[in-house]
Amino acid sequence: MTKIQAMTLREKIGQMLLCGFEGTEVTEELKALITEHRIGGVIYFARNVANTQQVAGLSNQLQQIAMDAGAAPLWISIDQEGGMVARITEGIALMPGQMALAAGADASAGLNHAAHAAYEAAWVSGTELRALGINMNFAPVLDINNNPDNPVIGVRSFGESSKLVAEFGQKAIAGFQDANVVATAKHFPGHGDTSVDSHLDLPTIQHDQERIRSVELVPFVQAIENGVDAIMSSHIYFPALESEKLPVTLSKSVLTGLLREELGYEGVIMTDCMEMHAISEHYGTVSASVMAVEAGADLILISHRRDLQIEAIAAIEQAVSEGRLTEAQIDASVSRVLALKERRGVLGPQLGEAAEVGTEAHCAVAQRLSEASITLVKDERQLLPLRRTRTLAIAVAAAVSSGVDEAYAGPASLGAALTEHGLDVIDRVLPLQKVGELREAVLADAAHVEQIVIGTYNARFHPAQVELVRDLQALGKPLVVVALRVPYDLLELPDISTFVAAYESRPLALQSIARCLLGELIPQGRLPVSLGTSYPAGWKWGGGL
């Protein structure tokens, strides 16, 4: 194991930084971060990914640079939650997202059995990440999505029940860690009940301590009891937990007092990205990095700008020299980081092998879990399965709707998926921001068909989609609505007769939707969240609770 006693103060501080970078190749600037500044690791985004072979090669090259420089081997981290939040999407077995997994789980044999789906997905995903040289994943999300207006969590959550989220989260953690990839429970102590995206501003959650402890904290407590490797802090202000107006990431009361001392967590505490506006616009990324270490964070995540990464290292070093931070506190954090690197085998040889990725067996797991997730919420006019007749299939394309999203490669075509299964389709894909201006063209198409299917995408936040559905409904033709992200779209369209929740619009989900709409599969999913009082969590059409 790398000996902390042999490291300079600057080298130890470097170990506390996780840094993002631009491009798909090693640049001199990135090399210098490793060789000169001795950073603890890097984070991959879609901008760093060309294909699986390139990712494996990049991972190996980065580790070789660290080895040649005599530096500690690197964390190579990623946000690979599955579903709509995934940085590598091609050439792998991309798993459904968390809400889809919860929807498709068979709860008849009990919650523990049902949650095995989360273990399967995490183990396959973790096995493939490790084959690509990635040893840390920022998943699972342990936030409880109990607020339909949450703009950033939504389908990234397993659901609205603290017990369900805790059980599924625990299984996902075990799956990643059994694959020897660090699991990171996020976003402590809970980002589920916000209506503000912390990428854009500083949210506040006003719940009292009793509510926080009985709801939001439940999954994190279970994760701690079961040995989660890392916990990521949220950039959210909880007045009940912190007397000053500080987000959790900067709160010693929460990170040290609550998480470390009261809950007894001994693993690695890391921050969410310090360039998110909840931090950068209110405190400044560099100053806040020092504050986060003061509060008790072990790893500081700075995802984009190299100048801020270098300045943060210098600022933390200066804080030690001025006595604001002690070297003993730095040592404690680095000891936890290095101990975790040793436990996950990061301090040994790091060789990525992309040939183990996207195997037939892994893809079969993804397909099975995806097909199980499709949820028929209502079919009052018995429009399903679709008739084999001329059909207008409209899909609102996935778009960046929160700070965690990235640009999606190519439009999501529900029509193409239906065509593959033999339906006569007019296929229309609508960019999210152009739904209103394309309304007349869509209605013109609708005049030439006998039935209509429309896939909405976060219609709750984009009223033009609701207006379009209303216009199509007024035509009096059979109309099926499929929610391609949050199922809460039904709350805006309560009188739609046939509504399907799919939770995502990745290609695999579109295939699963097509098969269910055409009667090749019977939808088995159950709602992980309530859609008003008529459709509570656990509901599926014809199956009740």
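Taken together, the values in this text are just the output of simple stated rules run on the coordinates, not laboratory data. On a predicted model such as this, the values are computed, not experimentally measured, just so you know. Counting neighbours? That spans all protein chains shown, and the Cβs are built from the backbone with ideal geometry, glycine included.
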Starting with the fewest neighbours, write out T52, T389, T24 ranked by other beta-carbon atoms found within 10 Å of each beta-carbon. T389, T24, T52
Using θ = phi - 60° and Karplus 6.51 cos²θ - 1.76 cosθ + 1.60, couplings along region 483-500 (whole Hz; Gly, Pro as x): 7, 8, 8, 5, x, 5, 4, 4, 5, 8, 9, x, 9, 5, 7, 10, 9, 10
Given points 7 Å out from each Cα along the Cα-Cβ axis, report the L111 to V221 separation in nanometres with one decimal. 1.2 nm
Compute for region 242-348: radius of gyration divided by Kirkwood radius, i.e. Rg/Rh, restricted to C-alpha atoms, rounded to two decimals. 0.96
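Starting from the alpha-carbon convex hull of region 374-517, give the projected area averaged over all orientations, in nm².
The directionally averaged projection comes out at 7.6 nm².
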Taking R0 as 35 Å and r as the Cβ-Cβ distance between R211 and E360, the FRET efficiency 1/(1 + (r/R0)^6), rounded to the nearest 0.05, comes to 0.15
Could you give the Stokes-Einstein D for region 18-58 in µm² per second, using the C-alpha Kirkwood radius, 4 °C, 1.567 mPa s? 122 µm²/s
So what's the gap between the Cα centers of region 22-36 and region 278-347, to the nearest angstrom? 20 Å
If one takes the longest principal axis of the Cα atoms in the chain, at what angle in degrees, from 0 to 90 and to the nearest 10, does the Cα axis of helix 306-321 lie? 40 degrees
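What relative contact order, as a whole-number percentage, does region 20-350 give when Cα pairs under 8 Å and 6 or more residues apart are counted?
14 percent
Placing unit charges on C-beta atoms (Lys and Arg positive, Asp and Glu negative, everything else neutral), compute the dipole magnitude of the chain about its Cα centre in debye, rounded to 20.
Details: 41 positive and 65 negative charges, 174 e Å.
I would put it at about 840 debye.
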Calculate how steeply helix 52-68 sits against the longest principal axis of the alpha-carbon atoms of the chain, using the helix alpha-carbon long axis, and give the answer as 0 to 90 degrees to the nearest 10. 10 degrees
Surpassing 30 Å at the alpha-carbon level, of the pairs K3/K245; K252/K341; K31/K252; K163/K434; K163/K252; K3/K31, are K3/K245; K31/K252; K163/K434
Could you sort 374-386, 201-213 so that the peptide with the highest average Cβ count within 10 Å comes first and the rest follow in order? 374-386, 201-213
So how do C273, C19, C363 line up by other beta-carbon neighbours within 10 Å, fewest first? C363, C273, C19
Please give the calculated 222 nm ellipticity per residue for the chain, where each DSSP H segment of at least 4 residues contributes -39500 (n - 2.57) and the sum is spread over every residue; nearest 500 deg cm²/dmol? -10000 deg cm²/dmol
Which distance in Å, rounded to a whole number, links the C-alpha centroids of region 450-526 and region 225-271? 39 Å
Surrounding net charge for M232, when Lys and Arg each add one and Asp and Glu each subtract one, Cβ distance under 15 Å: -4
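Before anything else, pin down the relative contact order of region 374-517: Cα pairs under 8 Å, at least 6 apart, normalised by residue count, whole percent.
31 percent
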Can you give me the orientation-averaged projected area of the convex hull built on the Cα atoms of the chain, in nm²? 23.3 nm²
Among H462, H277, H235, H448, which comes first, then next, by fewest other beta-carbon atoms within 10 Å? H448, H277, H462, H235
Where Lys and Arg each count +1 and Asp and Glu each count -1, what net charge lies around H207 among other residues with Cβ under 9 Å from its Cβ? -3
I'd like the orientation of helix 285-295 relative to the chain: the angle between its Cα long axis and the longest Cα principal axis, in ° from 0 to 90, rounded to 10. 70 degrees
